[in-house]
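Data first, discussion second: the structure below is written as structure tokens.
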Amino acid sequence: MRLQGRRESSNVEDRRRMSAGTKAGVGGIGGIILIVIFTLLGGGNLGDALNNVVQSGAMDTVQEETVQGQQAFTEEEEELARFSRQILAGTEDVWSKVFQQMGRRYEPPTLVLFTNRVNSACGSASAAVGPFYCSADQRLYIDLSFFSQMKQQLGADGDFAYAYVIAHEVGHHVEYLLGSLGQAHQQMSQTDKVTANRISVRLELLADYYAGVWAHYDNEAYKSLEPGDIDEALDCAEKIGDNYLQQKAQGYVQPESFTHGTSAQRKRWLNRGLQTGDMSITTFDKSDSEL
């Protein structure tokens, strides 16, 4: 991506020099990646893995304390922090204009950078959960080591792939502001698990779509996309599809347990947002066969 000269967002809390003693977490785009794989590799079965994904919303209270001494960050991590602030700034610029066109006001989320564990208004979270968005405090949380894990464990790499991860979580914030996130969560709490999973898939695909919408307008304004960038993001979307991860972890898939969408669906909705930038499109007015 072309980011030279781009501003960095000030809506960032850097908690990387803080520690939190807890074990629970809240799922995001990376949650299904690490929870499922780590559970299976640790001797658990698919049922255990799926329970861990669901139970990752279990809330504990933690205290965060500043770590004694000055922690040194590598040049790579500092570059990723700067990159994340620039991507967040890009989402602020794009969504402010898009919301203004819809006659609404965009209230940007805060990005929280953390290491290992963190406390949020949604509960405490381990870095193993991956990046996540908490609507209770309108913050997105990222342990920057997740990007290295993406590369090493899934072979998903590239700056636009990393930007897609951040933009997806911001997409959940857009869902929150537009009301679709709250409505979906209410419906999920009032139905059976399989149906709730299907609603979850629609939420995740819509966040993928909004990530694409952001990239559409960011590129329109700044010519930020370089050759190969879209392929990086689509490759990432493929490798975080439920079917891809289940096949990789256990050798077979269980469609009724999907919570984020298949590889084909995630690629399709991300690319649709990239190509159209159309805010009138939503996953919630589509049949299952249209997703």
- Message: Among (1) in contact (Cβ under 8 Å) with a residue 24 or more places away in the chain; (2) within 30 Å of Leu3 (Cα to Cα), there is one condition Ser280 misses while meeting the rest; what is its number?
- Response: (1)
- Message: For the list (1) open to solvent by 50 Å² or more (accessible area, probe 1.4 Å); (2) modelled with pLDDT of 95 or more, I need the number of the one condition that Asp288 fails.
- Response: (2)
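Conditions tested, residue by residue: (1) among the hydrophobic types (A, V, I, L, M, F, W, C); (2) within 16 Å of the chain's Cα centre (by Cα).
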position	(1), (2)
Asn243	no, no
Gln247	no, no
Lys267	no, yes
Phe284	yes, no
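The values are calculated or read from the model by the stated rules, or taken from the named source; none is laboratory data. None of the values given here were measured: they were computed from a predicted structure. Glycine gets a Cβ as well: all are built from the backbone with ideal geometry, and neighbour counts include every protein chain shown. Quick note on the areas: whole protein, heavy atoms, side chains included, nothing else; ligands and nucleic acids left out. Shrake-Rupley method; radii C 1.70, N 1.55, O 1.52, S 1.80 Å.
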